[in-house]
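Below is one structure, written out as structure tokens; the observations come after it.
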Amino acid sequence: MRLKPLVLLVLPLLVATTACGPKDESGSAGRPTSSTSSSAASCTKTDLPLKTGGKLTVATDTPAYDPWFSGNDPTNGKGFESAVAYAVADRLGFERSEVAWVKEPFNNSYAPGSKKFDFDINQISITPARAKVVDFSRGYYSAAQAVIALKKENLSPGALADLADLKLGAQTGTTSLTAIRDVIRPSQQPLVFNNTNTAKQALLNGQVDAIVADLPTAFYVTGAEIKGSTIVGQFQPVSGQKEEFGLLMEKGSGLRPCVDKAIASLAQDGTLASLEKQWLSDTVDVPVLK
């Protein structure tokens with residue numbers, strides 16, 4: 001899920017169903033089988049099937065927000081996903097000057113059809129429904145969902161069942177919304193927002209008791225955006241299975257096996273863990289809800 005910084009303007013509450021494109025509410029995570037072979041003929045830079053010869057084209061949405069990016073500039077290598085993109089590029093043999101960034105709205109990224117990029121990095125959760133029309137790399141980050149509320153509400157759930165009677169909300173088309181419906185299963189339908197600024201404004205206005213987002217974004221919201229807010233708990237969307245973010249490619253991408261190999265090497269040598277520690281908040285103090 002992507003959660004955007006709060007624009008503190010007087011905004012009308014928009015309860016919508018269309019902002020994030022093809023809705024994916026299967027509630028299932030885990031890396032689906034791709035139509036592309038897991039072994040590549042060659043991962044030599046000159047042999048890679050690229051959109052533009054000699055350039056690795058990487059996509060993300062705009063604006064690009066903390067803590068995933070920094071200063072709305074994906075090219076600077078700052079923020080977790082910018083750093084991961086450049087690390088993958090390096091393992092594929094590209095210099096920083098050979099990485100070209102393009103803009104791709106989140107809601108368009110997992111739509112069917114050809115893509116203008118080699119891969120997209122944008123907190124896109126791997127799900128079987130999405131993988132029917134696009135390819136995903138192996139996961140580069142395991143994401144828990146988090147429940148954000150105002151401190152003045154004094155919410156202290158001990159279990160997911162304690163959230164069932166709350167009025168909850170999340171952005172449409174996201175796995176956070178799916179998690180509310182399929183994991184929390186509230187007694188009343190969650191409010192669905194066409195963007196996350198209106199979700200956060202609704203929290204401030206008391207129109208919802210809590211909103212749900214991925215955990216690193218929740219740290220940013222509570223630490224830097226909404227004064228007096230707190231994370232009341234975290235949970236995994238599917239019991240026994242972690243939600244993962246993957247690099248998104250067009251269906252049948254011949255680049256995927258080489259991207260998988262690059263991510264595997266970054267995981268094995270500790271690079272991903274180091275980048276996560278550098279750019280994403282520590283999670284140990286957030287209660288786990290089951």
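The values are calculated or read from the model by the stated rules, or taken from the named source; none is laboratory data. The structure displayed is predicted, hence computed values, not measured ones. Please note: Cβ atoms are built from the backbone with ideal geometry, for glycine as well, and neighbour counts cover all protein chains shown. Each accessible area value is taken on the protein alone, full model and side chains, heavy atoms only, with ligands, DNA and RNA left out. Shrake-Rupley method; radii C 1.70, N 1.55, O 1.52, S 1.80 Å.
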Restrict the check to the stretch 66-86 and report whether at least one residue is small (Gly, Ala, Ser), in contact (Cβ under 8 Å) with a residue 40 or more places away in the chain and surrounded by fewer than 20 Cβ atoms within 10 Å (Cβ to Cβ). no
Among the listed residues 148, 226, 211, 184, which satisfies the condition of being free of Cβ contacts under 8 Å to residues at least 60 places away in the same chain and of a type in the set (Val, Ile, Thr)? 184
Can you tell me how many residues within the stretch 272-290 are crowded, with 18+ Cβ neighbours inside 10 Å and either at pLDDT 95 or above or among the small types (Gly, Ala, Ser) (or both)? 3
Considering the stretch 102-122 alone, what residues qualify as being closer than 10 Å to residue 56 by Cβ and either aromatic (Phe, Trp, Tyr) or touching an Asp or Glu at 6+ places or on another chain (Cβ under 6 Å) (or both)? 117, 119
Filter the stretch 149-183 for residues that are assigned to a helix (DSSP H, G or I) and among the charged types (D, E, K, R) and give the result. 151, 152, 153, 162, 181, 182
Is there a residue being over 21 Å from residue 125 (Cα atoms), free of Cβ contacts under 8 Å to residues at least 24 places away in the same chain and open to solvent by 20 Å² or more (accessible area, probe 1.4 Å) anywhere in the stretch 239-259? no
State which residue is modelled with the lowest pLDDT when the search covers only the stretch 186-238 and only residues that are in a loop (DSSP other than H, G, I, E, B) and under 18 Å from the mean Cα position of the chain (by Cα). 237
Scan the stretch 94-111 and tell me whether some residue there is of a type outside the set (Lys, Arg) and without any contact (Cβ under 8 Å) to a residue 12 or more places away in the chain. yes
Residue 232 versus (1) out of contact with any Asp or Glu (no Cβ under 7 Å at 6 or more places or on another chain); (2) aliphatic (A, V, I, L, M); (3) within 27 Å of residue 111 (Cα to Cα): which is the lone unmet condition? (3)
Considering each residue of the stretch 101-135, count those that are assigned to a loop (DSSP other than H, G, I, E, B), under 19 Å from residue 178 (Cα atoms) and in contact with a helix residue (DSSP H, G or I) (Cβ under 9 Å, 6 or more places away or on another chain), and give that number. 5
For the stretch 42-65, give me the residue count where each residue is part of a loop (DSSP other than H, G, I, E, B) and touching a residue at least 12 places away in the same chain (Cβ under 8 Å). 12
Leading residue by the ranking (farthest from residue 109 (Cα to Cα)) among those in the stretch 133-171 that are among the β-branched types (Val, Ile, Thr) and surrounded by fewer than 24 Cβ atoms within 10 Å (Cβ to Cβ): 133
Restricting to the stretch 239-268, and then to whatever is modelled with pLDDT under 95 and out of contact with any strand residue (DSSP E or B) (no Cβ under 8 Å at 6 or more places or on another chain), can you tell me which residue is farthest from residue 174 (Cα to Cα)? 240
